[in-house]
Amino acid sequence: MTALEKPDLYEIDGTGPALKLIFGQCAACKEQHFPHTGYGCPRCGARPEQVTPEARDGRATLLTFITLHAKLAPGITPPCVVAEAEIAPGMIEEVMLSGSAAQYRDGMTIVARAEEVERNGETVLACRFAPEEEV
Amino acid sequence: MARLSDMRPVYVIGVGMHPYQFASETLYIDMGLTAVRGALEDAGIAFPEVESAYVGCTGIGMAAGRIMFNHLGSTGLACTQIENASASGSSAFQLAVLEVASGRRDVSLAVGVDKTGDQVRAVQKEKVNRLSDTATIPLVKYALMAERLKKEKGLSAEDLAMVAAKNHTNASKNPNAQFRKPRTVEQVLNSTLVAGTTTSLMCCPRGEGAAAAIVASEDAIRRLGIAGGRPIRVKASVLQSEQPQVGREIPSVTLAQRVAEMAYDEAGIAASDLDCVELHDAFAIEEILYTETFGLAPKGAGQHFLRDGGSAIGGQCCVNSSGGLIGQGHPLGPTGLGQIHELTRQLRGENGDRQQPGARVGMAHMIGLGSISIAHILTKD
Ligand SMILES: [Zn+2]
């Protein structure tokens, strides 16, 4: 099976291309955060033992998106689309969108899915968000 | 927390620069010494009068200051290197100011010097992935913000281009600036598209250079016989780091506002008292956002303040008369001290064809990766 590019952030949801996002759930402050890390709770500072990973469906609300025209990071192939999305109530993350900007509009529901990308000559599954009806 | 206003007065007595430039073979020592000798000459003092030095740099390596100062005569001064990303020079200045304010020293030097290339970002060693491969690239955050404001309040690509054209044109009159060509709105819009509506001329260049400032107490000013009218008072020095994002405002923008307000409070001024501001326009949209968060323009009206000439030289409060990061350049270590250089000359009335008429109060405001924000308020007493 093809490896996930960033397995600390997401996991395959069932059999399809859909991905679940891995949040951190803190037992001390009862708050959730993203991403889950090995360092503890970024909200209250609780130790890592207090935080458990919790996979939640990768559904998000698209807030804003732009097309990148320059190779601003090693992993990207412009033109590509990046966005701000609300992945849980009040939690806004920068995400990468599948395909071109034409199929997106602010406020629509987008869903995380696995897409093949090349990394150091190997194919891995990266997380890209796409319109809900496509996944 | 003790405030600068509770301590003894501190003054900038000398400033110097080595022009900012694209990466070259010039050695950091040559650039640093040019800035330091310029500041000593400007103050009219000799190096042995300097009791301590703070050296801001990000890409040179360990212990750059000692190596530079060896070539000025080994006076045995206290010497500390400061790294605070884009705000390294500002932080070096803050520590020099606090050292004099506290009474520990009478004369202290802050110098920023940098070369492009060896900067390593600690965030890359955090071993925490992000969903987006560009999540730690500030340009993308600000381009997303520009897109959102385009829809929400009609902020146009022309507005962003107007910031860049103003700052490039200011820089064209500044012999220390990296870019020396006046630019029109059309030229900025027609430069290479980078992200969303942001073009290459709306972004600061990478580069190298040096800037220095010497600060002193009233006792030292009397003892050294520095002429009245030249020393510029440092009235506030504030640094804070960002808090988690609330709602959709970029955390560094919220932070910039908090720091500006703390600085106004410490200096006992209001935004309306400011005559000149040097701020972190790494990307054109930042200048529009910060003129609002600093209270120079009402919230949501930053582009009108710009279009009406409020931020032009001769306007209500000139913003980035040096050319800012976009025009003067952003070599990291020196950048914050380049701001102090510009404001000092403005407040002395020595800024030539970039002089803001009647300038008495100025603010230097920087953002450093991470983010941290730092502000200094300077006044002509
Ligand atoms: Zn917690």
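The values are calculated or read from the model by the stated rules, or taken from the named source; none is laboratory data. These numbers come from a predicted model, not from an experiment. Glycine gets a Cβ as well: all are built from the backbone with ideal geometry, and neighbour counts include every protein chain shown. Accessible surface is based on the protein model in full, side chains and every heavy atom, while ligands, DNA and RNA are left aside. Shrake-Rupley method; radii C 1.70, N 1.55, O 1.52, S 1.80 Å.
Averaged per residue, the protein assembly as shown has 39 square angstrom of accessible surface, using a 1.4 angstrom probe with ligands and nucleic acids left out.
Between B:Ala23 and B:Val246, the simple label model (points 7 Å from Cα in the Cβ direction) yields a spacing of 4.1 nm.
What does the net charge come to around B:Gln243 if you take all other residues with beta carbon closer than 14 Å to its beta carbon, with K and R at +1 and D and E at -1? Around B:Gln243, the surrounding residues sum to 0.
Measuring heavy-atom accessible area with a 1.4 angstrom probe and counting protein chains only, the residues of region A:82-116 that give up at least 50 Å² relative to the chain alone are A:Glu84, A:Ile92, A:Glu94. Of the GluC sites (Glu not before Pro) found in region B:230-330, those that fall in a DSSP loop while having at most 14 other beta-carbon atoms within 10 Å are B:Glu249. Shielding of peptide A:58-71 by partners, expressed as the average count of other chain Cβ atoms within 10 Å per residue Cβ, is 5.
Cβ-Cβ distance of A:Arg56 and A:Asn120, R₀ of 30 Å, FRET efficiency by 1/(1 + (r/R0)^6): the value works out to about 0.50. Among B:Lys151, B:Lys115, B:Lys181, the residue with the largest mean-square fluctuation in a Gaussian network model of chain B, with springs joining Cα atoms closer than 10 Å, is B:Lys151. Straight-distance candidates among the lysines for linking to B:Lys127, with alpha-carbon spacing under 18 Å and chain neighbours fewer than 8 residues away dropped: A:Lys6. Under 19 Å of direct C-alpha separation, and excluding same-chain neighbours fewer than eight residues apart, A:Lys30 reaches these aspartates and glutamates: A:Glu49, A:Glu54. When the Cα centres of region A:39-103 and region B:327-371 are compared, how far apart do they sit, in Å? Here the answer is 36 Å between Cα centres. The sum of -39500 (n - 2.57) across all DSSP H runs of n ≥ 4, divided by the residue count of chain B, sets its helix-only mean residue ellipticity at 222 nm to -10500 deg cm²/dmol. For the interface of A with B, what's the total buried accessible surface in square angstrom, probe 1.4 angstrom, rounded to the nearest hundred? Adding both sides of the contact gives about 2600 Å². Which of A:Ile66, A:Ile87, A:Ile110 moves most in a GNM of chain A, Cα contacts under 10 Å? Comparing A:Ile66, A:Ile87, A:Ile110 in a Gaussian network model of chain A, the most mobile one is A:Ile66.
When you restrict to C-alpha pairs under 8 Å that are six or more residues apart and normalise by the size of region A:10-134, the relative contact order lands at 21 percent. Look at the stretch B:239-248: the mean tally of other chain Cβ atoms within 10 Å of its residues' Cβ atoms is 2.
Each part reduced to its alpha carbon centroid, region B:227-289 and region A:5-27 end up 40 Å apart. Split the accessible area of the protein assembly as shown by element, probe 1.4 Å, and carbon with sulfur accounts for 50%.
Length gain on complete extension for the stretch A:Ala3 to A:Ala102, per 0.36 nm per residue less the alpha carbon to alpha carbon distance? Don't jump to the answer; show the numbers that get you there.
Values: separation 99, 0.36 × 99 = 35.64 nm, distance 2.97 nm.
Roughly 32.7 nm would be gained on extension.
For region B:94-153, GluC sites (Glu not before Pro) meeting the loop criterion (DSSP other than H, G, I, E, B) and having at most 14 other Cβ atoms within 10 Å: B:Glu126.
Which pairs in the list B:Lys166/B:Lys299; B:Lys141/B:Lys166; B:Lys150/B:Lys235; A:Lys71/B:Lys299; B:Lys173/B:Lys235 are over 31 Å apart, alpha-carbon to alpha-carbon? Result: B:Lys150/B:Lys235; A:Lys71/B:Lys299 exceed 31 Å.
Averaging the sequence gap over all C-alpha pairs within less than 8 Å and six or more residues apart, then dividing by the number of residues, gives region B:1-68 a relative contact order of 33 percent. In region A:20-39, the residues that give up 30 Å² or more of accessible area when the other protein chains are added, compared with the chain on its own (1.4 Å probe), are A:Pro35, A:Tyr39.
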